[in-house]
Amino acid sequence: MIVIEKPSSLDIVHAIAMAIACVVSNTAMTKLLNVAVEGHSDLVGGMWAALATVFVFRDSRQHSLPAGLDRLIATCVSFLLCLPYLWFFRANIAGRGVLLAAGTLGMVLLGRREDIISTAVTTIVVMVVASVSPEDAWRQPLLRLFDTAAGIVIGVAGKWIASFAFYKARDEPIR
């Protein structure tokens, strides 16, 4: 049975603030930062930053910071696997499979089983984009790490600003 809940004022503020933070992170990467780094707009970079923003935009400020750290660790593991691979080999489906298995085992060894999916998604995106644009494919892990970091910062900052504004307007303790 589907239960329809009436959204609270906090739910509405959360939804609007998350949407604004995603627009900011996407715009920052496609129009400003990636243009400065790569010399052109990067739609994948904007998408990736917005996804990182969504990932860390949690129900409370206390949950946003650990989510940001989780996302960063997963991206770093993918980065550490994909970058050396792409220095020596072309992106292909067999390599993607090897990197997915290595990323999964790496996260198990780190005791971070809950971050296997994030590591795998990051690896898949990096390798697919490297397949589509094989020239300078080795740059993809660097760019996605950069996009993720920007999205995390914007997402956490957006959540903190929205929480502060909401609770200050209601004269309640900030959570």
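The values are calculated or read from the model by the stated rules, or taken from the named source; none is laboratory data. Remember, predicted model here, so these are calculated numbers, not experimental data. Here Cβ is always computed from backbone atoms with ideal geometry, including for glycine, and neighbour counts include all displayed protein chains. We work out accessible area using only protein heavy atoms, side chains counted, and drop any ligands, DNA or RNA first. Shrake-Rupley method; radii C 1.70, N 1.55, O 1.52, S 1.80 Å.
Can you name the residue in the range 100-127 that is free of Cβ contacts under 8 Å to residues at least 40 places away in the same chain and open to solvent by less than 10 Å² (accessible area, probe 1.4 Å) and is also nearest to Ala137 (Cα to Cα) among such residues?
Looking at residues that are free of Cβ contacts under 8 Å to residues at least 40 places away in the same chain and open to solvent by less than 10 Å² (accessible area, probe 1.4 Å), I get Gly103.
Quick one: how many residues across the range 86-99 are assigned to a helix (DSSP H, G or I) and surrounded by 17 or more Cβ atoms within 10 Å (Cβ to Cβ)?
Residues that pass the stated criteria total 4.
Of the residues Arg71, Arg58, only one is under 14 Å from the mean Cα position of the chain (by Cα) and not in a helix (DSSP H, G or I); which?
Arg58
Output yes when any residue across the range 1-12 is surrounded by 14 or more Cβ atoms within 10 Å (Cβ to Cβ) and free of Cβ contacts under 8 Å to residues at least 24 places away in the same chain, and no when none is.
no
Of these, Trp48, Trp87, which one is modelled with pLDDT under 95, under 17 Å from Leu145 (Cβ atoms) and of a type in the set (Phe, Trp, Tyr)?
After ruling out the rest, the residue left standing is Trp48.
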